[in-house]
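Student: The structure follows.
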Amino acid sequence: MKKFRGTGVAIVTPFKNDSSIDFAALGRVVNHVITGGVNYLVVMGTTGESVTLTKDEKKAIISYVVEVTDNRVPLVIGIGGSSTQEVINCVRHTNLTKVDGILSVAPYYNKPNQRGLFQHFKAIATSSPIPVIMYNVPGRTCSNISSETCIELANQCENIVAVKEASGDIAQIMRIIKGKPDNFSVISGDDMMTIPIIASGGSGVISVLANAFPATTTDLVTNSLKSNFKSAREIQLRYLEMIELLFADGNPAGVKAMLSIMNLCQNNLRLPLVPVNRNIFTRIQKAIEEMNKS
């Protein structure tokens with residue numbers, strides 16, 4: 001799917017001091033990343049704190065982002081959960097007009113086996129009127145979509161067009177790339193793994209870093225897709241500390257600290273998530289100052 005090739009950005013959900021959604025800040029972030037050259041947006045994912053949002057808030061976010069994006073780039077929305085039927089219900093009752101794809105995370109907490117994972121994603125793909133991207137992040141779900149299951153789904157379900165891979169297992173990722181059909185994409189779900197996954201045959205990244213540094217992330221991905229790995233590596237190494245700081249005290253706490261320093265949104269999260277500690281915030285501030293000097 002060419003729509004989901006290159007740099008996707010997992011958009012944050014900005015909050016005001018009273019924890020309500022800051023739509024003005026959301027608009028600033030959306031315009032910031034589109035101006036920065038990203039290829040598509042992903043809203044209401046992990047970085048968007050989707051599990052803390054109500055159904056009405058999710059509907060409002062989709063409507064607002066569709067309006068602000070104004071068809072400038074494709075839009076993917078996160079719809080996932082531990083109950084297959086509930087995910088299907090959400091897909092059916094969500095206005096998907098002008099939405100290009102669904103990102104659906106593997107079920108968490110109930111730890112299904114591979115047969116259960118296959119049936120889960122097959123059911124979602126059958127019910128969805130738009131393409132589905134699977135999201136494999138076993139560090140959060142305790143449930144790994146194996147390479148065999150991923151390849152089987154890619155071959156049997158035409159509506160499953162990609163996997164966002166954040167297992168950190170490069171051998172597993174390479175097995176998927178080797179065995180997948182040509183019309184199926186493997187997308188990095190980890191900023192640190194972007195170059196090796198693209199070098200192995202992946203199609204890009206769904207990035208956290210791109211919220212704050214969209215142009216830089218896009219340059220890294222574009223160079224990698226053109227096999228200009230020398231330039232890509234130089235960018236990666238320059239931003240190595242920044243990427244580490246994104247996750248040093250939890251995601252999206254790191255990137256929200258960055259965005260607050262850049263005056264794009266306030267440094268507010270919804271419980272049980274909290275802002276980064278003072279030490280990490282100071283390190284982020286210093287790293288941004290150093291970047292601005294160079």
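The values are calculated or read from the model by the stated rules, or taken from the named source; none is laboratory data. Note that the coordinates shown come from a computational prediction; the quantities given were computed from them, not determined experimentally. All Cβ positions, even for glycine, are placed from backbone atoms using ideal geometry, and neighbour counts span all protein chains on display.
Student: In the set Thr97, Thr126, which member is more than 15 Å from the chain's Cα centre (by Cα), of a type in the set (S, T, N, Q) and closer than 27 Å to Leu26 by Cβ? Steps first, answer last, please.
Tutor: Values: Thr126 fails: closer than 27 Å to Leu26 by Cβ.
After applying the criteria, what remains is Thr97.
Student: Just to confirm my filter: which helices (runs of 4 or more DSSP H) fall fully inside region 210-294 and include at least 1 residues that are surrounded by 20 or more Cβ atoms within 10 Å (Cβ to Cβ), more than 22 Å from the chain's Cα centre (by Cα) and among the aromatic types (Phe, Trp, Tyr)?
Tutor: In region 210-294, 278-293 are the helices (runs of 4 or more DSSP H) which contain 1 or more residues that are surrounded by 20 or more Cβ atoms within 10 Å (Cβ to Cβ), more than 22 Å from the chain's Cα centre (by Cα) and among the aromatic types (Phe, Trp, Tyr).
Student: Something else: Scan region 134-150 and give yes if some residue there is in a loop (DSSP other than H, G, I, E, B), at pLDDT 95 or above and among the acidic types (Asp, Glu), otherwise no.
Tutor: no
Student: Which of the residues that make up region 237-261 are among the aliphatic types (A, V, I, L, M) and without any contact (Cβ under 8 Å) to a residue 60 or more places away in the chain? Break it down into steps so the answer makes sense when it comes.
Tutor: At the first step, the residues of region 237-261 found to be among the aliphatic types (A, V, I, L, M) are 237, 240, 242-243, 245-246, 248, 253, 255, 257-259, 261.
Passing the criteria: Leu237, Leu240, Met242, Ile243, Leu245, Leu246, Ala248, Ala253, Ala257, Met258, Ile261.
Residue-by-condition table, conditions (1) in contact (Cβ under 8 Å) with a residue 60 or more places away in the chain; (2) over 23 Å from Lys164 (Cβ atoms):
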| position | (1), (2) |
| --- | --- |
| Phe23 | no, yes |
| Gly27 | no, yes |
| His32 | yes, no |
| Val43 | no, no |
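Student: For region 1-21, how many residues are part of a loop (DSSP other than H, G, I, E, B), of a type in the set (D, E, K, R), farther than 17 Å from Leu259 by Cα and touching a residue at least 24 places away in the same chain (Cβ under 8 Å)?
Tutor: Within region 1-21, the subset part of a loop (DSSP other than H, G, I, E, B) is 1, 5, 11-14, 16-20.
Restricting the remaining residues to those that are of a type in the set (D, E, K, R) gives 5, 16, 18.
Checking which are farther than 17 Å from Leu259 by Cα leaves us with 5, 18.
Cutting the leftovers down to touching a residue at least 24 places away in the same chain (Cβ under 8 Å) gives us 5.
Residues meeting the conditions: 1.
Student: For region 156-170: of the residues being of a type in the set (Val, Ile, Thr) and more than 15 Å from Ser207 (Cα to Cα), which is surrounded by the most Cβ atoms within 10 Å (Cβ to Cβ)? Give the steps one after another, and end with the answer.
Tutor: The first filter runs over region 156-170 and keeps only residues of a type in the set (Val, Ile, Thr), leaving 160-161, 163, 170.
Keeping just the survivors that are more than 15 Å from Ser207 (Cα to Cα) gives 160-161, 170.
Values: Ile160: 22, Val161: 20, Ile170: 14.
Restricting to residues being of a type in the set (Val, Ile, Thr) and more than 15 Å from Ser207 (Cα to Cα), the top hit is Ile160.
Student: Which residues, counting only those in region 179-205, are over 25 Å from Asn251 (Cβ atoms) and touching a residue at least 12 places away in the same chain (Cβ under 8 Å)?
Tutor: Scanning region 179-205 gives Gly179, Lys180, Pro181, Asn183, Phe184, Gly201.
Student: Restricting to region 112-139, name every residue that is of a type in the set (Lys, Arg) and surrounded by 14 or more Cβ atoms within 10 Å (Cβ to Cβ). Please lay out each step first, then the result.
Tutor: So the first thing to find is which residues in region 112-139 are of a type in the set (Lys, Arg), and the list is 115, 122.
Within region 112-139, Lys122 is the sole residue that qualifies.
Student: Among Leu96, Leu26, which is the only one that is assigned to a helix (DSSP H, G or I), surrounded by 16 or more Cβ atoms within 10 Å (Cβ to Cβ) and modelled with pLDDT of 95 or more? Show your work before the answer.
Tutor: On the way: Leu96 fails: assigned to a helix (DSSP H, G or I).
Just one listed residue meets the conditions, Leu26.
Student: Assigned to a helix (DSSP H, G or I), at pLDDT 95 or above and within 15 Å of the chain's Cα centre (by Cα) - does that describe any residue in region 65-75?
Tutor: Just the residues of region 65-75 that are assigned to a helix (DSSP H, G or I), to begin with: 65-69.
Retained after the next criterion (residues that are at pLDDT 95 or above): 65-69.
Checking which are within 15 Å of the chain's Cα centre (by Cα) leaves us with none.
Checking region 65-75: not a single residue is assigned to a helix (DSSP H, G or I), at pLDDT 95 or above and within 15 Å of the chain's Cα centre (by Cα).
Student: Ok, one more. Could you please find all residues in region 12-30 being under 13 Å from Thr69 (Cα atoms) and out of contact with any helix residue (DSSP H, G or I) (no Cβ under 7 Å at 6 or more places or on another chain)?
Tutor: Selection gives Arg28 alone.
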